[in-house]
1. Suppose each label sits 7 Å from its Cα in the direction of the beta carbon; what would the residue 51-residue 257 distance come out to in nanometres?
2. Hey, fewest Cβ within 10 Å first, where do 255, 121 land in order?
3. Starting from the Cα gyration tensor of the stretch 92-240, take the square roots of the eigenvalues, sort them a ≥ b ≥ c, and report rounded, prolate or oblate (rounded when a/c is under 1.5, otherwise prolate if a/b is larger than b/c, else oblate).
4. Tell me what the chain gives for mean residue ellipticity at 222 nm when only DSSP H runs of n ≥ 4 count, each as -39,500 (n - 2.57), the sum divided by the residue total, rounded to 500 deg cm²/dmol.
5. Counting pairwise Cα distances across the chain, what percent come out greater than 38 angstrom?
6. Applying 1/(1 + (r/R0)^6) with R0 = 30 Å to the Cβ-Cβ distance of residue 203 and residue 161, what FRET efficiency is obtained, to the nearest 0.05?
7. Can you give me the three principal axis dimensions of the stretch 120-207 from its C-alpha atoms, in Å, biggest first?
8. Order these peptides, 266-276, 176-186, 239-249, by their mean beta-carbon neighbour count within 10 angstrom, highest first.
């Protein structure tokens, strides 16, 4: 019998990084498994990662936790920045709110609060870039790295544009919804439609049900999204990543081109690229088995190689 959502996850807990509080919770199933931290995408909260996908990961031997990035969900939202849209943030010469290093440190703060000396990382979209940066900045805390639907974590600003479908980003910038629960629902449906694979029929009813369960205002908070995009990286290139790495990317991604996944795989030594057919910039049910199988395979290969996982930073 499936657990109700309120019993599937632990009560919300908090981690701190400087003046930022980060909301996180842990799946109650599989709590004795290998630590796996999920990092979410631009603007969205942790609830957008499907519960059933998380349960499948738990069934494959992982203790799953997820958190809200700064400027999303229940985590700290920073003061407004001059860049008012995600597009204008790409043109900004420097960050105005925080750095990409700060966001990488947020993930480690959550691991500390969970009592995890090390963990597998799975980051999606912006979370994929964050996970790459954690593997660079805190290599000893990372067992394996899975980056999905992301750009290379060492680029920012105008260099990012080569990997982004600007027509889709422009559609995002034109979305306008009231800052109300109903507006958040309509924004969720509109964004889900934009991100879906064109090779599958869009299920508006399912999208509405998901948005009603999680009326996330971050879906249309362009100020918060611009601050996240404007957080620039000052550290080493991703070619310095030494952790076992898997790159997942939807073949039909309408926002970030699959060439981004190919570029990451070409630059991280011994990494592996898996392109997911009929998948857009999303987590559709048709991809869950492949995703969980690949993440499990990476973790098993890591264990068989007996790589160090608890060294200090």
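1. According to this spin-label approximation, the distance is 3.9 nm.
2. 255, 121
3. In terms of gyration-tensor shape, prolate.
4. Using -39500 (n - 2.57) per qualifying helix, the result is -11000 deg cm²/dmol.
5. 5
6. 0.45
7. 43, 31, 29
8. 239-249, 266-276, 176-186
Since every read-out is calculated from the coordinates, none of them should be taken as a lab result. Please read all numbers here as calculations on a predicted model, not as lab measurements. Cβ: placed from backbone, ideal geometry, glycine included. Neighbour counts: every protein chain shown.
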